[in-house]
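Trainee: Dumping the structure here so I can ask a few things about it.
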Amino acid sequence: MRYYLLIAILICCGGAYAQSAKVTLHGTLVMSTGEEFPYRIELTEANNIITGYAYTFDERDEAQSVIKGKVDKQNRKLTFKETEIVKSTNVVTKAFMCMVQASLEYRNSQLSGTANSKQLDNTACTPGTITFSNVREIEELFSSHDKYDVEIRMGEKKKEETPVAVLEAIPVAANQANVTDKITVGVEKSFMWYSDSVVLDVWDGSTFDGDIVSILFDGKPVLNKYVIQKEKKRISFFLPLTGIHTLAIVAENEGTDPPNTATLTLYDGTAHYNIISYNKKGSQSVIKIKKEK
């Protein structure tokens, strides 16, 4: 009987190539005068360098500028500046608006940060902040767009050979049956992860009693002192490529009906995992995530 071995060779220096990706982010520019304007950037990213255009105001009075900058996918940061005005418009505003230089960071499901403004002679203009809140658009910005172009099929393999998992792997079939796992201090869950990001819904799955939680990813808050609602709160964050990562659900209080209880669903692409976390105030539940190459 003949067996086949599939060997996928990913060549990091010659076989892999960086593919450019087009991303659009829709957000808001808020000036220190209190005024708020629509702000959109349409960019092309390759090798973490971005180029494209920024659009301020609405379509009727839209102003357009050339932008250049960088994206830091590991730390989920975006920096860019407007370098040239393509089209301007006469909008009545209390702000003294010039070309923007922005430094944005992704946290609490928003990509936001300062937007300093200056003229070509470095004269300072009215500062502000830029915020992008569309999680799907932000995920596209921080996801990997690298492709690999070499695949070789050859050899022999025994059918009974199976891979060894480093962590307890939860099969997709388990969550098709809507299994819900409970975690608390000393009771953890571990997952092998295949996509480039973690999407998480958190809500109060029982009686609303004012429970407050913080969610930490590798010790950094992705949701800080949030009062759990009956409606689902969705957050999303980029997953580094290597290592074992820790997602901690911290009980900030116990509400009016102890203990602190949070219902969660984690999405790994099309797979999903249902979790109930319960703890006394000051304690935390832990989920371990290992990125699968």
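Trainee: Restricting attention to the range 81-90, does a residue exist that is in contact with a Leu (Cβ under 8 Å, 6 or more places away or on another chain), assigned by TED's automatic domain parsing to the domain that holds residue 34 and of a type in the set (D, E, K, R)?
Mentor: Scanning the range 81-90 turns up no residue that is in contact with a Leu (Cβ under 8 Å, 6 or more places away or on another chain), assigned by TED's automatic domain parsing to the domain that holds residue 34 and of a type in the set (D, E, K, R).
Trainee: Here's a follow-up. Tell me whether the range 95-105 contains one or more residues that are part of a loop (DSSP other than H, G, I, E, B), touching a residue at least 24 places away in the same chain (Cβ under 8 Å) and closer than 27 Å to residue 243 by Cα.
Mentor: Scanning the range 95-105 turns up no residue that is part of a loop (DSSP other than H, G, I, E, B), touching a residue at least 24 places away in the same chain (Cβ under 8 Å) and closer than 27 Å to residue 243 by Cα.
Trainee: On to the next question. Going by what's in this entry, would residue 266 be described as without any contact (Cβ under 8 Å) to a residue 60 or more places away in the chain and surrounded by 18 or more Cβ atoms within 10 Å (Cβ to Cβ)?
Mentor: So residue 266 fails the test.
For (1) touching a Lys or Arg at 6+ places or on another chain (Cβ under 8 Å); (2) at pLDDT 90 or above, each residue gets a yes or a no:
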site	(1), (2)
249	no, yes
253	yes, yes
260	yes, yes
266	no, yes
274	no, yes
279	no, yes
285	no, yes
291	no, no
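Trainee: Check every one of the strands (runs of 3 or more DSSP E) wholly within the range 203-275 and list those with 2 or more residues that are in the same structural domain as residue 73 (by TED's automatic domain parsing).
Mentor: Of the strands (runs of 3 or more DSSP E) lying wholly inside the range 203-275, none has at least 2 residues that are in the same structural domain as residue 73 (by TED's automatic domain parsing).
The values are calculated or read from the model by the stated rules, or taken from the named source; none is laboratory data. Quick caveat, the model's predicted, so the values are computed rather than measured. Please note: Cβ atoms are built from the backbone with ideal geometry, for glycine as well, and neighbour counts cover all protein chains shown.
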